[in-house]
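The values are calculated or read from the model by the stated rules, or taken from the named source; none is laboratory data. What you are looking at is a predicted structure, and each value in this text was computed from that prediction instead of being measured. All Cβ positions, glycine included, derive from the backbone under ideal geometry; neighbour counts span all protein chains shown.
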Amino acid sequence: MPYKDEDIDEIIEMALSDHTTFAQIEQLYGLKEKEVKALMRKNLKRGSYEAWRRRVRTFSDRREHYK
(Lines give C-alpha, C1' and ligand atoms only; values in the text may rest on other atoms or scores of the structure.)
Protein backbone atom coordinates (compact mmCIF):
# COMPACT_ATOMS: atom_id res chain seq x y z
CA MET A 1 0.00 0.00 0.00
CA PRO A 2 1.55 3.29 -1.08
CA TYR A 3 1.69 5.92 1.64
CA LYS A 4 1.42 9.67 1.26
CA ASP A 5 4.52 11.75 1.96
CA GLU A 6 2.91 12.99 5.19
CA ASP A 7 2.35 9.41 6.35
CA ILE A 8 5.94 8.45 5.54
CA ASP A 9 7.18 11.50 7.48
CA GLU A 10 4.99 10.50 10.45
CA ILE A 11 6.18 6.88 10.36
CA ILE A 12 9.82 8.01 10.25
CA GLU A 13 9.25 10.43 13.13
CA MET A 14 7.61 7.67 15.17
CA ALA A 15 10.39 5.18 14.39
CA LEU A 16 13.06 7.71 15.39
CA SER A 17 11.30 8.36 18.70
CA ASP A 18 12.52 6.43 21.70
CA HIS A 19 8.96 6.49 23.06
CA THR A 20 7.20 4.74 20.15
CA THR A 21 7.34 0.98 19.69
CA PHE A 22 7.20 -0.97 16.44
CA ALA A 23 3.92 -2.44 17.74
CA GLN A 24 2.40 1.06 17.94
CA ILE A 25 3.50 1.83 14.38
CA GLU A 26 2.01 -1.46 13.21
CA GLN A 27 -1.26 -0.70 14.97
CA LEU A 28 -1.56 2.72 13.29
CA TYR A 29 -0.12 2.00 9.83
CA GLY A 30 -0.15 -1.79 9.47
CA LEU A 31 3.62 -1.97 8.94
CA LYS A 32 5.56 -4.77 10.59
CA GLU A 33 9.00 -4.10 12.09
CA LYS A 34 10.77 -5.40 8.97
CA GLU A 35 8.71 -3.07 6.75
CA VAL A 36 9.45 -0.07 8.99
CA LYS A 37 13.17 -0.82 8.73
CA ALA A 38 12.89 -1.05 4.92
CA LEU A 39 11.01 2.27 4.79
CA MET A 40 13.64 3.88 7.00
CA ARG A 41 16.47 2.49 4.86
CA LYS A 42 14.82 3.85 1.72
CA ASN A 43 14.06 7.32 3.09
CA LEU A 44 17.03 8.15 5.34
CA LYS A 45 20.60 8.83 4.36
CA ARG A 46 22.76 5.76 4.85
CA GLY A 47 24.62 7.16 7.86
CA SER A 48 21.39 8.27 9.52
CA TYR A 49 19.82 4.85 8.98
CA GLU A 50 22.87 3.05 10.37
CA ALA A 51 23.00 5.34 13.42
CA TRP A 52 19.29 4.69 14.06
CA ARG A 53 19.73 0.91 13.77
CA ARG A 54 22.73 1.01 16.08
CA ARG A 55 20.73 2.98 18.66
CA VAL A 56 17.72 0.66 18.44
CA ARG A 57 19.98 -2.40 18.73
CA THR A 58 21.94 -0.97 21.66
CA PHE A 59 18.87 0.02 23.65
CA SER A 60 16.97 -3.18 22.90
CA ASP A 61 19.92 -5.13 24.30
CA ARG A 62 19.66 -3.15 27.54
CA ARG A 63 15.87 -3.06 27.91
CA GLU A 64 13.40 -5.86 27.51
CA HIS A 65 10.81 -3.66 25.72
CA TYR A 66 12.54 -0.85 23.85
CA LYS A 67 11.10 -0.98 20.36
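Brief remarks on what is shown
- Tally of residues being surrounded by 14 or more Cβ atoms within 10 Å (Cβ to Cβ) and charged (D, E, K, R) across the range 8-40: 5
- Sole exception among (1) within 9 Å of the chain's Cα centre (by Cα); (2) at pLDDT below 95; (3) assigned to a helix (DSSP H, G or I) for Arg55, by number: (1)
- Looking only at the range 44-56, and only at residues there that are surrounded by 15 or more Cβ atoms within 10 Å (Cβ to Cβ) and either touching a residue at least 12 places away in the same chain (Cβ under 8 Å) or touching a strand residue (DSSP E or B) at 6+ places or on another chain (Cβ under 9 Å) (or both), the one that is nearest to Ile12 (Cα to Cα): Leu44
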